[in-house]
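The values are calculated or read from the model by the stated rules, or taken from the named source; none is laboratory data. All of these numbers come straight from a predicted model, not from anything done at the bench. Using ideal geometry, Cβ is built from the backbone for each residue, glycine included, and neighbour counts are taken over all protein chains shown. Heads up: the accessible areas ignore ligands, DNA and RNA and are worked out on the full protein's heavy atoms, side chains in. Shrake-Rupley method; radii C 1.70, N 1.55, O 1.52, S 1.80 Å.
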Amino acid sequence: MAVEGDSKSRLPYPFNEDLSPVLLRLNRRTDRGRRQLANDPVTAAYLAAALRLVERHLGPRPTATTTPPGAPSQRMNGEVIVAERSLFGFLTQRAVAAEVATNPDPFPRRGSVSTLRTSWRTQSDFLADLLGFVLWTGYYPASYAGLLNGAAEQLAEGDDFAAAVQEVAYNATDHLLAMVTFRIQLAASISADEDEALRTVLAAKYERGQAIWGAIYTRMMAARGLQLREGITIGQVADILTAMVEGTALRAMAEGPDTRVLDPPNKRGLLSTAALGLICGCMEPKGREDGLSLAEAVNAMAAASVPEHERIRKP
């Protein structure tokens with residue numbers, strides 16, 4: 001829910017939302033003070049500046065290098081400060097404060113290291129809140145929201161169903177590659193096994209994605225006269241496709257412009273083929289269903305291809 005207030009309400013989504021459930025490391029002693037600071041436009045200004053720095057350094061098409069491996073780390077109270085790790089070494093307090101000056105309207109453009117330190121006691125606290133904000137279930141870039149709306153329409157109403165599936169799959173991979181939030185998610189996942197709070201944030205993000213895409217697939221099946229095979233749930237379908245799109249995007253990032261998993265001129269890709277296979281295997285037409293589970297359908301297909309006299313019979 002957007003927070004009222006002239007300066008706050010003028011900020012773009014999701015900065016105009018109530019961020020108090022998301023920013024948990026702010027340097028305030030009382031809950032009231034933390035809520036006020038979480039929804040201060042100056043706080044949003046630092047987050048926006050940091051996000052631009054992340055996009056600039058982590059891609060897509062990064063324009064600068066991160067701190068080289070082996071660079072010395074700083075310690076505070078015996079703990080290594082996350083900002084000094086090579087992956088996020090560019091997010092120093094000085095760099096974030098300086099970047100605030102280039103904020104677009106209507107974000108504040110006056111930042112300083114001292115103000116940043118007043119809001120977050122350590123740079124580790126700032127990075128923890130930045131990651132929490134990026135992985136927050138309510139944060140989807142405008143471009144991705146457009147993808148969701150277009151996908152729902154194409155999959156349910158497109159004249160050529162197979163072509164719609166293939167194009168939506170390609171677009172989903174292409175959008176994911178362009179989202180700096182995906183790169184931050186990958187980086188966060190590396191440390192999630194050691195951070196329960198981070199695991200909780202990541203799990204919530206996946207749950208949100210499952211709900212959104214699950215609703216799109218449900219609408220698609222209703223429009224196309226399809227139903228799930230016995231034993232398959234819409235949540236499983238959404239989770240499988242999420243895993244496949246993330247794996248495809250990771251492969252594309254590793255291979256670069258010459259990747260074999262994407263075919264931009266034809267708006268097709270590896271996920272396009274995988275999505276067709278998943279639909280063909282996990283769904284069946286209503287009114288002509290065979291009632292078989294996926295495993296039973298696979299066994300039936302294999303058995304049908306072997307001549308009767310060559311089939312192995314169980315005693």
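Filtering Arg229, Arg208 for residues that are modelled with pLDDT of 95 or more and on the phi < 0 side of the Ramachandran plot leaves a single hit, Arg229.
Here's the yes/no breakdown for (1) of a type in the set (Val, Ile, Thr); (2) over 30 Å from Ala204 (Cβ atoms):
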site	(1), (2)
Ile234	yes, no
Ala243	no, no
Gly247	no, no
Ala254	no, no
Arg260	no, yes
Arg268	no, yes
Gly281	no, no
Arg288	no, yes
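Inspection of the stretch 125-141 identifies no residue that is hydrophobic (A, V, I, L, M, F, W, C), over 20 Å from Ala44 (Cβ atoms) and open to solvent by 30 Å² or more (accessible area, probe 1.4 Å). Could you look through the stretch 223-235, keep only residues that are part of a helix (DSSP H, G or I) and free of Cβ contacts under 8 Å to residues at least 40 places away in the same chain, and pick out the one that is farthest from Ala156 (Cα to Cα)? So the residue we want is Gly235. Among the listed residues Ala151, Ala163, Ala145, Ala192, which satisfies the condition of being out of contact with any Ser or Thr (no Cβ under 9 Å at 6 or more places or on another chain), crowded, with 16+ Cβ neighbours inside 10 Å and free of Cβ contacts under 8 Å to residues at least 24 places away in the same chain? Just a single option satisfies the conditions, and that option is Ala192. Beta carbons closer than 8 Å, at least 6 apart along the sequence or on distinct chains, pair a first residue in the stretch 276-297 that is more than 19 Å from Ala222 (Cβ to Cβ) and among the acidic types (Asp, Glu) with a second that is open to solvent by less than 70 Å² (accessible area, probe 1.4 Å) and assigned to a helix (DSSP H, G or I) for Asp290/Ala297; Asp290/Ala300. For the stretch 285-302, the criterion of being among the aliphatic types (A, V, I, L, M), modelled with pLDDT of 95 or more, surrounded by 14 or more Cβ atoms within 10 Å (Cβ to Cβ) and not in a helix (DSSP H, G or I) is met by no residue.
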